[in-house]
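These notes are about the structure you will find just below.
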Amino acid sequence: MYHLKYDFLRLYLLQIVITIIILSISPLVLTSPSSIIAIRIWPASSYTRVTLESNIALKYHQFTLSSPERIVIDLKNIQLNNILRNIDKQISLHDPYLKLIRVGKFDQKIIRLVFQVKTHVNLQIFTITPISNFIHRLVIDFYPAINVYLNDDPLLRLLEDYNKGKLNNTLIIKSKKISKIKKNRTIIIMIDPGHGGEDPGAIGKYKTLEKDIVLKIAWILKILINHEPKMKVYMTRNEDIFIPLQVRVAKARKMQADLFISIHADAFDNRKAKGSSIFALSIKGATSNTARYLAQTQNKSDVIGGVSKSGDKYLDHTMFDLIQTATINDSLKFGTEVLKQIGNINRLHKNIVDQAGFAVLKAPDIPSILIETAFISNVEEEKKLKTAKFQKQIAESIFNGIKSYFNNGGKVTLR
Ligand SMILES: [Zn+2]
């Protein structure tokens, strides 16, 4: 009797010890589960992007099913968690391409995502290795298969060419490139609100996103230019969408823009940095440390926003340099006019137009500037950037700068 009770107790204790051992070693034995940590859906008129962010590089297999058209993406060795289960809730009613997404366990190793689409689509699917604040990303872009080009906006076709690796920004050299403004010619302005979609741009201390502020400024500027007779305006993006830098430049060239204006509100590692500044392209290296730093962060935009492939396709030869140099001189003149105007409403970070190798300013034949409206990293300026008043003041200053540039003999491209 005694013996039995003792044995029972011993067995009981042994069980506890074994349980403790199993519990303590299990995290080591079972490697940390691979899972999706975030899902973001960016619906836009040109394309809808779905981003799956995960703690490991995702392995996937993709195929389509017909009637109704569905895109199937199988994810290998991934956990079915609540983030995945709730993916369907992220679809907007107004999404032009996505109707619904179903998710389920196909077998022990495969999670199957089924995207039902509203229209016939073309798919771009690719992975991005960790960069900036992002971990591993799997990007699924839904483009319309039958091209519905919006008005005279060539964006969709340019994105299509870009995805096929066919986008060509190389210069077609005309015999006589630049001339004085011709009377009665409509001046075409391309506004480029920086960043968008997966690429938020700089983020203020109070979570203000650069991509949102610059789009608001761009809209105000667009209205101002639209009211001007003999001026026409286009934007590289009208909504919260990611557009590669090269496509922005290509769009300006396609629309035969006379000026390209990239609007930003960036951050510097020193929160004290403040004031507005303007940049033009440099082909010989940056003119200041700030310019170099900002150009580097700007040029990262493509990898942050997510492109399947990238590469600088600009030709680098003498003729190109000659034209580019003439264009840069015009960019500097234009930048100086805008800087003068902005100087009336905000303190200037620097009194002259700075230069660095900004990829978005590389249209060889269009005077292009990048405006750092203010530093979103500076708490005082972040507050200011959020106000409708400051946004309007900046837009008006740019608008006045455009007018004074042309009034002071600014040239337009002969076409
Ligand atoms: Zn920026």
For the pair SER404 and LYS340, how long in nm is the line joining their label points, each one 7 Å along Cα→Cβ? 0.4 nm
May I ask for the net charge around ARG137, where only other residues with Cβ less than 14 Å from the Cβ of ARG137 are counted and Lys, Arg are +1 while Asp, Glu are -1? -2
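Ranked highest first by the average count of other Cβ atoms within 10 Å around their residues, in what order do 43-54, 86-97 fall? Before the final figure, lay out the partial values.
Values: 43-54: 22.1, 86-97: 14.2.
Put in order of decreasing packing, that is 43-54, 86-97.
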If you rank VAL360, VAL379 by how much accessible surface each has, with a 1.4 Å probe, what is the order from largest down? VAL379, VAL360
Take the solvent-accessible surface of the protein heavy atoms, probe 1.4 Å, and return the percent of it on the range 36-144 that carbon and sulfur atoms account for. 51 percent
Please calculate how many Å² of accessible area the range 353-392 carries per residue, with a 1.4 Å probe and no DNA, RNA or ligand atoms counted. 29 Å²
Between ARG271 and HIS227, what length in nm is gained on full extension when 0.36 nm per residue of separation is reduced by their alpha carbon distance? 12.1 nm
Taking Cα centroids, how far is the range 349-415 from the range 265-279 in Å? 14 Å
For the range 319-345 and the range 88-105, distance of Cα centres in Å: 46 Å
Give the Kirkwood hydrodynamic radius (Å, one decimal) of the range 192-312, defined as one over the mean of 1/r across all pairs of different Cα atoms. 15.5 Å
Using the crude model of +1 on Lys and Arg Cβ and -1 on Asp and Glu Cβ, and no other charge, please compute the dipole size for the range 155-413 relative to its Cα centre, in debye to 20. 740 debye
Go through the range 89-95 residue by residue and turn each phi into a ³J(HN,Hα) via Karplus (6.51, -1.76, 1.60, θ = phi - 60°); whole Hz please, and just put x for glycine and proline. 5, 7, 6, 7, 4, 8, 4
Taking only protein heavy atoms into account and a 1.4 Å probe, give the accessible area per residue of the range 36-144 in Å². 49 Å²
Amide H to amide H under 5 Å from MET231: which residues, 5+ apart in sequence or cross-chain, H placed 1.01 Å off N in plane? ILE187
What distance in nm separates the simple spin-label points at ASN81 and THR127, each placed 7 Å from Cα in the Cβ direction? 1.8 nm
Cut-off 15 Å between beta-carbons: net charge of the residues surrounding SER34, Lys and Arg +1, Asp and Glu -1: +3
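With respect to the cross-link table entries LYS340/LYS386; LYS89/LYS254; LYS284/LYS392; LYS216/LYS284, which display a Cα-Cα separation exceeding 26 Å?
Check vs 26 Å cut-off fails for LYS89/LYS254; LYS284/LYS392; LYS216/LYS284.
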Starting from the Cα gyration tensor of the range 155-413, take the square roots of the eigenvalues, sort them a ≥ b ≥ c, and report rounded, prolate or oblate (rounded when a/c is under 1.5, otherwise prolate if a/b is larger than b/c, else oblate). rounded
In whole Hz, with x marking every Gly and Pro, tabulate ³J(HN,Hα) for the range 255-266 from phi via Karplus 6.51 cos²θ - 1.76 cosθ + 1.60, θ = phi - 60°. 7, 6, 5, 8, 9, 10, 10, 9, 9, 9, 8, 8
Taking H as built 1.01 Å from N, whose amide H comes closer than 5 Å to the amide H of ASN122, not counting residues under 5 places away? TYR143, ALA145
Compute the length gained on full extension between VAL379 and SER66: take 0.36 nm times their separation in residues and subtract their Cα-Cα distance, giving the result in nm to one decimal. 107.4 nm
For the range 112-125, Karplus couplings with θ = phi - 60° (6.51, -1.76, 1.60), whole Hz, Gly/Pro x: 9, 10, 10, 9, 8, 10, 8, 8, 4, 10, 10, 10, 10, 10
Tell me the Rg and the Dmax, in Å, that the Cα atoms of the range 36-144 produce. 13.1, 40
Which residues does the label zone of LYS118 cover in the range 73-98, counting backbone N under 18 Å from a point 7 Å along Cα→Cβ? 88-98
Would you mind checking which residues have amide H under 5 Å from GLN355's amide H? H placed 1.01 Å from N; only 5 or more apart, or other chain. ALA280, THR287, SER288
Assuming 0.36 nm per residue, please report the length gained on full extension of the stretch ASP152 to LYS59 beyond their Cα-Cα distance. 29.6 nm
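The values are calculated or read from the model by the stated rules, or taken from the named source; none is laboratory data. All of these numbers come straight from a predicted model, not from anything done at the bench. Here the Cβ is made from the backbone with ideal geometry for all residues, glycine too, and neighbour counts use every protein chain on show. Only protein heavy atoms, including side chains, enter the accessible area calculation; ligands, DNA and RNA are left aside. Shrake-Rupley method; radii C 1.70, N 1.55, O 1.52, S 1.80 Å.
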